[in-house]
1. Sort out which residues of segment 120-152 are exposed (fewer than 11 other Cβ atoms within 10 Å of the Cβ), under 16 Å from F110 (Cβ atoms) and hydrophobic (A, V, I, L, M, F, W, C), and write them in order of number.
2. Just the residues that are in contact with a Lys or Arg (Cβ under 8 Å, 6 or more places away or on another chain), of a type outside the set (V, I, T) and farther than 16 Å from V154 by Cβ, please, taken from segment 123-143.
3. So, in segment 123-160, how many residues would count as being of a type in the set (F, W, Y) and part of a strand (DSSP E or B)?
Amino acid sequence: MSERDYELFEAELHRLKPARLPDQLHARLEDLPPAALAQSEVRRPSRATAPGGWLWLRWLAPATVAVLAVLVVVSQGDHYRNTSPPAISPSVPSLWADQVEIDQQLLGSFDTVAEMPDGEPVRMRVHQWMDAVTLRDSASGVEVVQRTPRVRVVPVSFAVY
């Protein structure tokens, strides 16, 4: 809709007159005392205290859980601190990566339109990537290559003119 259409629509709304209330509803609203109307508008929850001074129990459960969590963390920390790291067997040669390459390659890109469950169209831009990591150990002549495909979907808004 253009700006002119909005102005015509708004002018038409200003010309309309609201409908009358049904007589039964109007009578019911007039029969209510003014205090009842004000009371029905705002309701605040009441703060009732626990009988017999048991209010402190409300804080006991979370405090107990917090103390137990701290004790578990402290006891687990001592367990990990006392253990030694696993020994590496001398028969397995270690890899020293002195050359590392990280690569991202764009394989394809396209736009598409999908439909949401409520019927609203959504435009998306799809990028297909290939990520690669190459590790080289020049001393032993070992090269490790790991390639991982990746798809990136980005929603794009429709241009409104």
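1. V151
2. Within segment 123-143, M130, D131, A132, E143 meet the criteria.
3. Within segment 123-160, residues that are of a type in the set (F, W, Y) and part of a strand (DSSP E or B) number 1.
No value in this document is a laboratory result; all are computed from the given coordinates. Predicted model only: the values in this text are computed from it and were never measured. Methodologically, a virtual Cβ is constructed for each residue, glycine included, from the backbone with ideal geometry; neighbour enumeration extends over all protein chains shown.
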